[in-house]
Amino acid sequence: MSCPKCKSNDKVKNGLIKGVQRYLCKQCGCNYTVSSKFLSEKEAKHQLAFSLYSEGHSFHAISRILGVSHVSVMNWVRKRESDVMIFLFIFSHYYLSLKLFF
Ligand SMILES: [Zn+2]
């Protein structure tokens, strides 16, 4: 996935937005997310599972919708949740340090 503005592949991961990986382009400095049409079928399924979970569906309901075992759904969501938590932790830490110094 290259930058939508300058087509550069020179990017760094820059947190998650609603569970979607966001990238920062090192060439032009713009932020972009990888839209679901660029995701593999597997990643798209994980994405959908997490969205459904965020909307309050149970693991069993999601497993029925996606036709996979609820254990797989649980594993995907836990993995995604830990990514989001790490991002929130970094973000809140950054926010607090701004408040302390300015
Ligand atoms: Zn760019």
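Readers should treat all values here as calculations from the given coordinates under stated rules, not as data from a laboratory. Since the structure is predicted, the reported quantities are computational estimates derived from the model, not experimental observations. For neighbour counting, all protein chains shown are included, and Cβ atoms are generated from backbone atoms with ideal geometry for every residue, glycine included.
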> For region 15-83, which GluC sites (Glu not before Pro) are both in a DSSP coil and crowded by at most 11 other Cβ atoms within 10 Å?
Replying inline: E55
> Computed on alpha carbon atoms, what radius of gyration and Dmax characterise the chain, expressed in Å?
Replying inline: 16.3, 51
> If we count other beta carbons within 10 Å of each Cβ, what is the order of R80, R22, fewest first?
Replying inline: R22, R80
> Using modelled amide H (1.01 Å from N, peptide plane; none on Pro or chain starts), what sits under 5 Å from the amide H of T33, excluding residues fewer than 5 places away?
Replying inline: Y23
> Which links in K18/K45; K5/K45; K7/K42; K13/K79 stretch past 20 Å when you go from one Cα to the other?
Replying inline: K5/K45; K7/K42
> Which FRET efficiency value, to the nearest 0.05, is calculated for A61 and V34 with the Förster distance at 25 angstrom and r the Cβ-Cβ distance?
Replying inline: 0.45
> Listing F87, F50 from the residue with the fewest other Cβ atoms within 10 Å to the one with the most, what is the order?
Replying inline: F87, F50
